[in-house]
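Q: Quick one: this structure, given as structure tokens, is what I'll be asking you about.
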Amino acid sequence: MNILILGGSGFVGGHLCHRLSEHHQITVATRYKPAAKHLALIPNTRLCQLDPYRPDELSEALSQHQALINLVGILNERGFSGKGFHRAHVELVEIAIAACKQAGVRRFLQMSALKAGEGQSRYLQSRGEGEQRVRESGLDWTLYRPSTIFGPDDSFLNRFASLLALSPVMPLARPGARFAPVYVKDVVEAMAATLENNASYGQTYELCGAEIWELKALVEWVAEQRRLKRAVIGLPDVLGRLQGLIFNLVPGKPFSSDNFKSLLTDSVCSQSGFEALGLKPWAMSEKAPHWLNPEDGRQSRYQRFRSKAGRH
């Protein structure tokens, strides 16, 4: 199958290209080829420079393809109006759907987010609007709703590890917020399993890892893996909101008011998409030590091998 991917140069996209290129021909659409040149080294993968917000360009690129995968998403926007979220999560979806119809492409895979359409944040609300556009498209669509995705090259665990390295104290908004972190390779495996599976048409898969974590415990665990003695201080909501307001003004927005609002909604699955697909996801505590603390990762693998061999 020939597959065109939007957002393929991002974190999930790189892993997905590696997985799908085993059996398919992949085209990664990007507005700036040099930024995605590392993907050109993957077998059966090519880069196509285009502006995905130009329907005619996207439709032309889709010719000779049988599926489109949209991975585009942003966690923060420039400004505070919600227009950035709407553009990335709704307008682009509308354009992609129209381009598919024009090019005669029926298969449409959309990456969304767990709890899309719920809560107060513009991020989640715009994700929900994008999902609705997909459901109304008339295409052979599948939606994926992961909790927070982790992996060796993520901006989740690695960001906390970087911040913990800078200061002996970390003030943390919404310390009791709950997540079910999901391993990136489990996410792309679910996508690969559904790509050509007719039973997945019109289905939404919630994708969660094998463990549920509260945010404070998760950050403390990252510090432990990095052998850092750090005080992680949970903030009451009034101070957490203030932290978001302050960080709104920091270049790059490492945290924002909208992020705070997203944390008001727990990112925990109500049903298991992995179970529906006959897959078993990894737990963060099993996988992440391999890169957060390589020595512990090697030891944990050794212990599992011993246990499987009956040597306790």
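Q: Within the stretch 251-259, does at least one residue satisfy the condition of being of a type in the set (Lys, Arg), crowded, with 17+ Cβ neighbours inside 10 Å and part of a helix (DSSP H, G or I)? So that I can check it myself, show each step before the final result.
A: Within the stretch 251-259, the first condition is being of a type in the set (Lys, Arg), and the residues that meet it are 253.
With crowded, with 17+ Cβ neighbours inside 10 Å added as a condition, the list becomes 253.
Applying the additional criterion that residues be part of a helix (DSSP H, G or I) yields none.
Checked against the condition, which is being of a type in the set (Lys, Arg), crowded, with 17+ Cβ neighbours inside 10 Å and part of a helix (DSSP H, G or I), the stretch 251-259 yields no hits at all.
Q: Show the residue pairs meeting these rules: Cβ distance below 8 Å; 6+ apart or different chains; first residue within the stretch 206-222 and within 12 Å of Thr148 (Cα to Cα); second residue surrounded by fewer than 22 Cβ atoms within 10 Å (Cβ to Cβ) and among the β-branched types (Val, Ile, Thr).
A: Short answer, once both residue conditions are applied: Cys208/Val268; Ile212/Val268.
Q: Right, here's the next one. Could you tell me whether any residue of the stretch 192-202 is outside any helix (DSSP H, G or I), modelled with pLDDT of 95 or more and hydrophobic (A, V, I, L, M, F, W, C)?
A: No, the conditions are met nowhere in the stretch 192-202.
Q: Scan the stretch 7-16 and give yes if some residue there is under 21 Å from Gln125 (Cα atoms) and buried (at least 17 other Cβ atoms within 10 Å of the Cβ), otherwise no.
A: yes
Q: Somewhere in the stretch 48-56, is a residue aromatic (Phe, Trp, Tyr) and within 22 Å of Gly252 (Cβ to Cβ)?
A: no
Q: Continuing with the same structure: I'd like to know if the stretch 74-85 contains one or more residues that are small (Gly, Ala, Ser) and touching a Phe, Trp or Tyr at 6+ places or on another chain (Cβ under 8 Å).
A: No, the conditions are met nowhere in the stretch 74-85.
Q: Determine if the stretch 160-175 includes at least one residue that is of a type in the set (A, V, I, L, M, F, W, C) and farther than 21 Å from Ala288 by Cβ.
A: Yes, some residue in the stretch 160-175 is of a type in the set (A, V, I, L, M, F, W, C) and farther than 21 Å from Ala288 by Cβ.
Q: Quick check on my filter: what residues within the stretch 251-287 are within 30 Å of Arg78 (Cβ to Cβ) and of a type in the set (Ser, Thr, Tyr)?
A: Ser256, Ser257, Ser262, Thr265, Ser267
Q: A follow-up question, please. Inside the stretch 211-239, can you point out the residues that are more than 29 Å from Lys287 (Cβ to Cβ) and not in a loop (DSSP other than H, G, I, E, B)?
A: Hits for the stretch 211-239 are Asp237, Val238, Leu239.
The values are calculated or read from the model by the stated rules, or taken from the named source; none is laboratory data. The model shown is predicted, which means the values in this text are computed figures rather than measured ones. Cβ coordinates were reconstructed from backbone atoms using ideal geometry, including for glycine residues, and neighbour counts include every protein chain displayed.
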